[in-house]
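Visitor: Sharing a structure here in structure tokens format.
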Amino acid sequence: MTMPIFSPILRSLLNPTIPFPSKFLLPYLPLTNIFLLRSFSTQNPSNSTKSITPLQKQFDSWVHHLKPGFTPSDVNRALKAQTDPDLALDIFRWTAQQRSYSHTHLTYLTAIKLLISGRRYRQAETLVDEVIAGACDVTVPLYNSIIRFCCGRKFLFNRSFDVYKKMLRSENCKPTLETYALLFNSLLRRFNKLNVCYVYLHSVRSLTKQMKTSGVIPDLFVSNMIIKAYSKCLEVDEAIRVFRELGLYGCEPNAYSYGYIVKGLCEKGRVNQGFRFYKEMRDKNLVPSGSTYMIMVCTLSLDRRMKDAVEVMFDMLDNNRSPDHLTYKTVLEGLCREGKADDAFELLDECRKKDVSLNDRMYKTLLNELHYICRE
């Protein structure tokens, strides 16, 4: 009788003396490991995937809002509805990758404004570079926005003038009054030292000439910046010439116009002419700034015109402008050197009554200095 053929597993089960094949044996696992293995195998596989962030949900929602065949106007509305600049940039980049679509000046302008307001300056600079490289058709508002952004960034100052030159060469995007106002304002921020002023004064002259050549009529704000630039560089004759031209442009000089002229003339040493402009200013009921008052008082005192200096200082106090310590000291020393020490003490007491900012500490300091000068 032929013995049936059994598998090794079955033979070991029928005859206990036959060992169980080792290749079918499972390695020993502790109970805890078996439990962990079982629990891992029964986990929901969806839990291992990364959850969707709220920003991604918003992005997906806006992408679904943009129906196939969307236009730049649709994208522009979607961008304007965003409060998160990063989300706006994602939408801007995603739409640019779609077929049969390209951004226009409208979407670039909105995206740049959103990035600037959200302080994403590097991303805004990237979009600016794309516009300059010709990524879209350009308009005057877009150019002016780029110039405003570049003027506000220290390392992009030269870039703003590059954009301005592109506007000069273009046919449909010539510089406007806003363009020149941005550039003049950017230049004047660098007029902090006299030797630096002369470097940028050439640019002011060139801009002024180009502005007039292109037929752009300056307003009072731009004219005052030009007057200030010339006065800072002590080119007072040029400043007065621009001052006299204000009437040709339909502008009436204001307190800033007169103030820049007065400061320039006083620093130049032309005290009489500066004082005439000051009186003309006061005749029009224009109130000078505190710095204009102080430089006028100090210049008159150093020119030994103490009566006029005291008169201007009282006018300053009547208009709620407070002289600083140096102004008080200059006037009091001038009176003492003319032998009017009693008048100096009376003036100090009277100023203490009128000037709220003249506290006890400053008063005692001025009083001690006055006693010291009188002993000399």
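Visitor: For 286, 300, which order do you get if you count the other beta carbons within 10 Å of each Cβ and list the fewest first?
Guide: 286, 300
Visitor: Cβ under 14 Å from residue 120's Cβ, residue 120 left aside: what net charge do those residues give with Lys, Arg +1 and Asp, Glu -1?
Guide: +1
Visitor: Follow-up question, since we're still on this one. Quick check: the distance between the Cα centres of region 278-317 and region 151-167, to the nearest angstrom?
Guide: If we compute the Cα centre of each part, the gap is 40 Å.
Visitor: What is the Cα centroid distance between region 244-270 and region 64-88, reported in whole angstrom?
Guide: Using only Cα atoms, the two centres lie 49 Å from each other.
Visitor: Let me know the Rg and Dmax you get for region 304-376 when you use only its Cα atoms, in Å.
Guide: For region 304-376, the Cα radius of gyration and maximum Cα-Cα distance read 11.4, 35 Å.
Visitor: Now a separate question. Going by C-beta contacts inside 10 Å, put 200, 108, 249 in order with the fewest on the left. List each step's numbers first, then the result.
Guide: Numbers: 200 18, 108 25, 249 12.
Least to most surrounded, the residues fall as 249, 200, 108.
Visitor: Which pairs, out of 154/209; 209/284; 154/329; 212/232; 209/232, put more than 27 Å between their alpha-carbon atoms?
Guide: Beyond 27 Å: 209/284; 154/329.
Visitor: If you don't mind, there's one more thing I want to ask. Cut-off is 10 Å between beta-carbons; in what order do 138, 271 appear when sorted fewest neighbours first? Display every interim value, and only then the final one.
Guide: Values: 138 22, 271 17.
Neighbour counts put them in this order, fewest first: 271, 138.
Read the figures in this text as sums done on the coordinates, not as results from a lab. Quick caveat, the model's predicted, so the values are computed rather than measured. Glycine also receives a Cβ, built like all others from the backbone with ideal geometry; neighbour counts cover every protein chain displayed.
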